[in-house]
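Here is the structure we will look at.
Nothing in this text is a laboratory measurement; each read-out follows from the coordinates by a stated rule. Given the structure is predicted, the values throughout are model-derived calculations rather than measurements. Heads up, the Cβs are rebuilt from the backbone with ideal geometry, glycines too, and the neighbour counts pull from every protein chain shown.
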Amino acid sequence: MSDARLLHRLYSNLDNSLKLQITNMHRNLRSYLECLRRENELIHIEAEVDPYLELAEIHRRVIARGGPALLFERIKGSRYPVVTNLFGTERRIELAFGPKPERLVRRAVHLIESLLPPRPAELWAERALVLEALKLGTKRARKAPVLEVADRPARLTELPVLTTWQEDGGPFFTLPLVYTEHPVTGKHNLGMYRLQRFDDHTTGIHWQIQKGGGFHYHEAEKRGESLKTVVFLGGPPALILAAIAPLPEDVPELVLASALAGEKIGVVENPIENHLRLVAEAEFALVGHVPPHQRRLEGPFGDHYGYYSLAHDYPVFHVEAVFHRRDAIYPATVVGKPRQEDFFIGDYLQKLLAPLFPLVMPGVRDLWSYGETGFHSLAAAIVRERYAREALVHGFRILGEGQLSLTKFLILTDTPQNLRDFKSLFEHVLQRVRWESDFFIFSNVSMDTLDYTSGTINRGSKALLLGLGDAVRELPGEFRGELPADVKRAEVFCRGCLVVEGTPYARDPQQAARLARQECFRDWQVIVLHDDANVARSTSDFLWATWTRFDPASDVYAADVRVAHHHLAYHAPIVIDARMKPHYPKELVVSEDIAARVTQRWREYFPQRQAWE
């Protein structure tokens with residue numbers, strides 16, 4: 001039976017509720033923008049805006065106020081409009097993808113758990129899921145709007161590429177969908193790796209460690225070959241989500257994209273002979289190659305950790321042609337100190353993929369990475385502890401899984417908790433941790449490329465903290481002692497955790513070590529040394545300012561540390577030195593002239609006062 005006949009037969013036998021579950025989402029960016037217009041979630045800005053810093057500051061102010069997506073119609077120096085803030089609220093995430101993907105994942109997990117071995121009656125009951133499976137992957141498109149115009153040779157300087165922070169190394173593509181295929185196996189990867197525009201024909205390509213496209217390039221480079229590469233801008237919103245999703249290596253992103261979109265992704269043959277296929281509904285397609293053994297300085301770049309990532313040598317993308325729609329819209333985003341647009345995408349992906357964790361890692365019942373810390377800096381999990389120290393097994397399993405292997409600090413407990421409520425979780429763990437046996441620091445390991453706390457790119461340390469079983473202590477909730485002379489003030493973050501404001505690190509690098517031995521702190525489990533104790537008043541600020549500012553091996557101290565059976569046994573209080581260190585990159589701060597310009601022109605951008613202002 002043909003796919004078409006099978007689809008028709010399955011669909012005709014579905015009740016209305018099941019038919020609703022398989023409704024397709026947005027086939028392209030235009031469909032999504034039209035939806036946003038209907039829902040009053042899109043504003044057109046008619047005033048001319050500079051892509052150098054000005055546009056980014058408008059975007060940041062709007063997203064900070066929970067405002068709408070922005071379509072900038074007149075961009076200085078370019079004929080293409082720019083759209084940003086596409087996914088900057090939970091509401092727009094819902095409009096982009098709907099409830100269907102989460103239902104689909106839950107039903108797929110249920111099917112795997114309950115239908116082994118498969119039985120005809122149960123399979124028929126899950127026929128809606130079978131119908132979805134037939135719609136996964138790609139299909140040859142009849143029409144290809146992306147091929148309406150061909151710029152050969154490429155003229156990248158005509159595109160409205162944004163410079164978002166004043167110390168950035170140049171303009172960057174911030175929503176590029178980078179498509180490559182493995183030079184041996186042919187398996188594809190779709191990832192989002194920032195591209196610094198150098199000139200009309202070349203960009204840097206920021207392939208970090210643990211990224212699929214980088215693995216493809218590594219293999220091509222070993223063979224002395226260029227890696228064919230296509231960068232898509234725009235297209236089905238599902239492509240953006242799939243490109244960011246932390247899928248295991250060799251799991252095809254286009255399959256996930258089709259599941260999110262509710263239909264196969266339309267592709268067409270590339271007009272450039274012997275090159276990679278193109279997504280038919282993209283706004284732009286940059287077609288070229290990345291040659292072996294060529295590097296160029298890329299960066300700095302104001303990144304999602306809230307600091308500048310520094311300049312380093314990265315491969316160079318040579319663009320041979322740019323294909324695009326006749327009326328193409330350039331999609332972009334702006335990253336910086338959380339919460340930005342990527343925060344909402346990351347949280348949605350975690351909720352979407354959460355039901356899969358117990359399948360991939362059977363001992364892990366729930367898992368959450370904290371977007372306020374840049375995601376990789378801090379994660380927590382609920383794991384099984386059916387025998388002594390089983391939690392460690394699951395902790396190592398998490399730290400060995402794909403992009404989760406880049407996690408810097410992992411917290412584990414074995415009792416149900418709301419992992420999204422960090423303050424409550426941290427209190428729960430601090431009541432239970434036995435520091436002498438439940439706290440581990442691992443030195444000389446790989447780290448997220450964007451985490452500079454160790455002072456060495458891609459290298460650093462990790463920490464693992466267990467809080468298992470029943471509570472073993474009561475926690476103080478108020479500081480009543482007398483502060484040491486070198487501590488300005490103290491603020492309670494949660495019971496058991498005290499934030500203290502100390503001397504700048506450059507003036508007193510040893511302050512944290514001394515504080516760990518202070519008698520006035522002996523009842524507290526964790527002391528966090530900060531430049532400003534006000535971070536304790538906000539969970540978001542505490543998470544960001546703490547976990548992005550310390551390296552476990554370098555910046556964690558204890559009242560006492562002893563070696564027993566080659567294990568370091570710690571004794572509370574544990575002091576985390578989260579002060580800014582001289583070798584850290586700069587924190588991202590908007591330049592005064594740009595802030596003043598945007599303030600002055602605000603009513604040019606938004607002539608009528610908006611409800612979200």
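At-a-glance table
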read-out: Reduced Cα scattering model of segment 419-460, Debye log10 I(q)/I(0), q = 0.17, 0.20, 0.35 Å⁻¹; value: -0.72, -0.79, -1.09
read-out: Table column - 3J(HN,Hα) (Hz), segment 552-562, Karplus curve with 6.51, -1.76, 1.60, x for Gly and Pro; value: x, 5, 9, 10, 10, 10, 9, 4, 7, 9, 10
read-out: Per residue, the convex hull volume that the Cα atoms of segment 20-355 enclose (Å³); value: 137 Å³
read-out: Size of charge dipole - segment 26-78 - debye, nearest 20, with Cβ of Lys, Arg +1 and Asp, Glu -1, no other charges; value: 200 debye
read-out: Cα-derived Rg over Rh, computed across the chain with Rh taken as Kirkwood radius; value: 0.98
read-out: Kirkwood hydrodynamic radius of segment 180-265, Cα pairs, Å; value: 13.7 Å
read-out: Pairwise Cα inverse-distance average, inverted: Kirkwood Rh of segment 356-467 (Å); value: 14.2 Å
read-out: Relative packing of 518-531, 372-385, which averages over residues the other C-beta atoms within 10 Å, highest first; value: 372-385, 518-531
read-out: Set of lysines near Lys337 by C-alpha distance (under 20 Å), chain-local residues within fewer than 8 positions excluded; value: Lys408, Lys581, Lys586
read-out: Alpha-carbon Debye profile of segment 333-398, log10 I(q)/I(0) at 0.12, 0.15 Å⁻¹; value: -0.37, -0.53
read-out: Total charge dipole magnitude, segment 20-355, about the Cα centre, Cβ charges on Lys, Arg, Asp, Glu only, Debye to nearest 20; value: 840 debye
read-out: At q = 0.12, 0.16 Å⁻¹, base-10 log of I(q)/I(0) for segment 469-604 (Debye sum, equal scatterers on each alpha carbon); value: -0.55, -0.85
